[in-house]
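Read the structure below first, then the notes.
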Amino acid sequence: MNIHEFQAKQLFQNYGIPIPDGKQATTANSAGQIALELGGEGWVVKAQVHAGGRGKVGGVKLAKSFAEVIEHATAMLGKRLVTIQTDSAGLPINSLLIEKIYAIKRELYLSVLVDRGSERIIFIASAAGGMDIETVAHETPERIISVQVHPAAGLQAYQCRKVAYALGLKGQQHKSLQKIMQGMYDLFLAKDASQIEINPLIETYDGDLLALDAKINFDDNAVAIHPDILAMKDPAQEDDKENEAQRFGLNYITLDGNIGCMVNGAGLAMATMDLVKLKGGLPANFLDVGGGTNVEKVCEAFKLILSDTSVKAVLVNIFGGIVKCDVIASGILAAIEQVHVTVPVVVRLEGTNVEEGRALLSNTGLKIYAADDLAHAAEQVVKLAEAV
Ligand code: GDP
Ligand code: MN
């Protein structure tokens, strides 16, 4: 789960990580009011969307007067922001973060995440901040440093010093960095984050370190036990269909293709998508209806797939283990009855009650094609999608 920058900065503050003075605004007038309250001679107006790369596309604007703050706020609010990290539709700008401007001496990079290779929490840092870290890693890997934290020992002072030296920090800044890293580490553990990224972490001309940007991702499997984090969820920043799927306990992800896939089990779903691609097609979605599914869930899953107008054919691939094939078949029929289905549906059922399932789907007068093996089912659905 993602949260907004202003929310991440609130958490930073709770964990002793220094942030710029600022406040969230939802109207242009309140943006101006906040600038007035903050005081100073310049402000930054930042679009609050669940994506980075805002600076390059007008989502981060500097203002020298209250009028300019209101001008930028008016221009941004209600629009959608397309960045390198969003799809072509972009994300809605429903709120802004108004901050005081800080003069930047240097932009650094600091993040903490789980490294699957070493099975440890690691910090990644670079003196080349403010840029896309993947680009830095690709072009100048020597500019990136990382330290692994031992789970029992926790973050050690010498590890923070190592990062501080690599970032070219001096004197008191070592202590400041240690405090920031410890805050990130504590926050990471306490709230079950999967990544915390500060890009840029800035050095001011006074030598202070400040988190100018803040990005936190949380482990979806853990948010249920963190109501404070769950309360920060902003459905407006998420795919409508993915939100709808979550309500019904379905695992759904929108993709670019035109073949809708309904499968039970994540592994089988991946294999099904692979086969569709192998046969020359492109999946429109990933959808795992789960193990213990029922007619209602299958029905919702079907509606979800069909609400995507780019879907030209649907492939249902169910292996009836816990879920019985006749339940799936009833779900498909119920869905077809409720939604006006015009696209062909290829169904491959196998497992418990497969005969009953197939019997339900045959002779319905609908565009349902039964296939008894997966390779043929994939081939058939690709052909049907192409024929539309
Ligand atoms: P991102 O593009 O979505 O990652 O948004 P950031 O919050 O990282 O902002 C992008 C860039 O805007 C930063 O790298 C800075 O160069 C600039 N910026 C943001 N806030 C300030 C500020 O207070 N002062 C100055 N001078 N530049 C800022
Ligand atoms: Mn940034």
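Given +1 on the Cβ of Lys and Arg, -1 on the Cβ of Asp and Glu, and no further charges, what dipole in debye does the chain carry about its Cα centre, rounded to the nearest 20?
That gives a dipole near 800 debye.
Longest segment of the chain with no trypsin sites (Lys or Arg not before Pro) in a DSSP loop having at most 11 other Cβ atoms within 10 Å?
Numbers: sites that count: K64, R116, K170.
The segment 171-388 is the longest one with no such site.
Counting pairs of Cα atoms in the stretch 147-285, how many percent are more than 22 Å apart?
When all Cα pairs of the stretch 147-285 are counted, 59 percent exceed 22 Å.
Dipole of the stretch 239-387, Cα-centred, from +1 at each Lys and Arg C-beta and -1 at each Asp and Glu C-beta, to the nearest 20 debye? Mind dumping the intermediate values first?
Numbers: 12 positive and 19 negative charges, 40 e Å.
The dipole of the stretch 239-387 has a size of about 200 debye.
Quick check of the Kirkwood formula: for the stretch 239-387, what is the inverse mean of 1/r over all pairs of different Cα atoms, in Å?
After inverting the mean inverse Cα-Cα distance, the result is 14.6 Å.
So for the chain, taking the charge dipole from beta-carbon charges (+1 Lys/Arg, -1 Asp/Glu), which of V49, C325, H174 sits furthest toward the positive end?
Going by the charge dipole, the pick is H174.
Using 0.36 nm times the number of residues separating A152 and A89, minus their current alpha carbon distance, what extension gain do you get?
Full extension of this stretch gives 18.2 nm more.
What number results when the radius of gyration of the chain, computed over Cα atoms, is divided by 2.2 N^0.38 Å?
For the chain, the normalised Cα radius of gyration comes out at 1.20.
Provide Rg and Dmax in Å for the stretch 100-224, with only Cα atoms included in the calculation.
Looking at the stretch 100-224, its Cα Rg and Dmax stand at 14.2, 42 Å.
On the first, second and third principal axes, largest extent first, how far apart are the outermost C-alpha atoms of the stretch 21-101 in Å?
Computed over the stretch 21-101, the largest-to-smallest principal extents equal 36, 19, 17 Å.
Would you kindly state how much longer the chain becomes between M270 and T309 on full extension, computed as 0.36 nm times their sequence separation minus their alpha carbon distance, in nm to one decimal?
Additional length available on full extension: 11.8 nm.
If we count every other residue with Cβ under 11 angstrom of N243's Cβ, Lys/Arg +1 and Asp/Glu -1, where does the sum land?
Charge balance near N243 sits at -3.
Report the GluC sites (Glu not before Pro) located in the stretch 114-176 that are in a DSSP loop and have at most 16 other Cβ atoms inside 10 Å of their Cβ, or state none.
Listed in order of number, the matching sites are E119.
222 nm [θ] for the chain, helices only, -39500 (n - 2.57) per DSSP H run of 4+, per residue, to 500?
-11000 deg cm²/dmol
Can you give the FRET efficiency for D373 and R120, using 1/(1 + (r/R0)^6), R0 = 30 Å, r = Cβ-Cβ distance, to the nearest 0.05?
E between D373 and R120, to the nearest 0.05, is 0.10.
With +1 on the Cβ of every Lys and Arg and -1 on the Cβ of every Asp and Glu, and nothing else charged, how large is the dipole of the stretch 21-101 about its Cα centre, in debye rounded to the nearest 20?
Charge dipole, the stretch 21-101, about its Cα centre: 220 debye, nearest 20.
What are the DSSP H helices in the chain that stretch 30 Å or more along their long axis, judged by alpha-carbon atoms, and whose average Kyte-Doolittle hydropathy comes to at least -1.0?
Values: long enough: none.
None pass (Cα extent of 30 Å or more, hydropathy at least -1.0).
Considering only DSSP beta bridges where both residues belong to the chain, give the percentage that are antiparallel (nearest 5).
75 percent
So what's the net charge close to S310: Lys and Arg +1, Asp and Glu -1, counting the other residues with Cβ under 15 Å from its Cβ?
Result for the neighbourhood of S310: -4.
Values in this text are rule-based calculations from the coordinates and carry no lab data. Worth saying up front: this structure is predicted, and the values here are computed from it rather than measured. Note: ideal-geometry Cβ built from the backbone for every residue, glycine included; neighbour counts use all protein chains shown.
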